[in-house]
1. Please report, in whole Å³, the volume per residue of the convex hull around the C-alpha atoms of segment 33-106.
2. So what are the ³J(HN,Hα) numbers for segment 95-102, from phi and the Karplus equation (6.51, -1.76, 1.60; θ = phi - 60°), rounded to whole Hz, Gly and Pro as x?
3. Would you mind finding the longest exposed-site-free stretch of the chain, with exposed GluC sites (Glu not before Pro) meaning DSSP loop and at most 16 other Cβ atoms within 10 Å?
4. Of all trypsin sites (Lys or Arg not before Pro) in segment 1-84, which ones are in loop regions per DSSP and have a Cβ with at most 10 other Cβ atoms within 10 Å?
Amino acid sequence: MRGLHLTADLYQCRCEPRWLADAQALGDWARQATEAVGLEVLHQVCHPGADQDGNTVALLLAHSHVCLHTWPRQRGVSVDVYLASGAGDLSAKARGLMFALVNRFAPEWTEQRSLDRGTEGA
C-alpha cells in the first residue's frame with residue numbers, strides 16, 4: 001500500500017473562465033489528461049456548484065484518485081492527485097499529470113506539496 005499524494009493550491013488563475021466554471025468541460029479535459037499519462041479512469045463525477053460557487057471533479061482510478069475543486073470568483077483551484085503504486089512506481093505519471101493540471105489553469109502562484117503514503121510491503 002505505497003502511494004504518492006500530490007496537492008496543489010492555485011491562485012489568481014489566468015485561464016479561460018470556462019475551465020473554472022464548467023464542471024463537465026473540466027471533467028472531460030481532466031479525464032483526457034489522466035489517460036494521456038497512461039492511467040485508466042474507472043469513473044468520472046462532475047458536480048457543478050450553484051451560481052458560480054465552484055465545481056468539483058473527481059476521477060476514480062484503481063486504488064487512486066484525481067480531484068479538482070474550483071472557485072471561479074476567487075480564480076482559485078485545489079488539485080489532488082493520489083496514485084497507489086501497487087503495480088510499480090507511478091511517481092512519474094503522478095508528477096506529469098499534476099504538471100498538466102496546474103498548467104491548464106495558468107496560476108500566478110501555487111503552493112504544492114508531496115507526501116509519500118504507506119509503507120513497503122504493507
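1. Spread over its residues, the Cα hull of segment 33-106 gives 75 Å³ apiece.
2. Going residue by residue, I get 5, x, 5, 4, 4, 5, 5, 4 Hz, with x marking Gly and Pro.
3. My reading of the result: 41-119 is the longest stretch.
4. On the way: sites: 2, 14, 18, 31, 73, 75; in loops: 2, 14, 75.
Here the trypsin sites (Lys or Arg not before Pro) that fit, given the DSSP loop and packing criteria, are 14.
Each reported figure results from applying straightforward, stated rules to the coordinates on display, with no laboratory input. Remember, predicted model here, so these are calculated numbers, not experimental data. In this analysis, Cβ positions are derived from the backbone assuming ideal geometry, glycine residues included, and neighbour counts consider all displayed protein chains.
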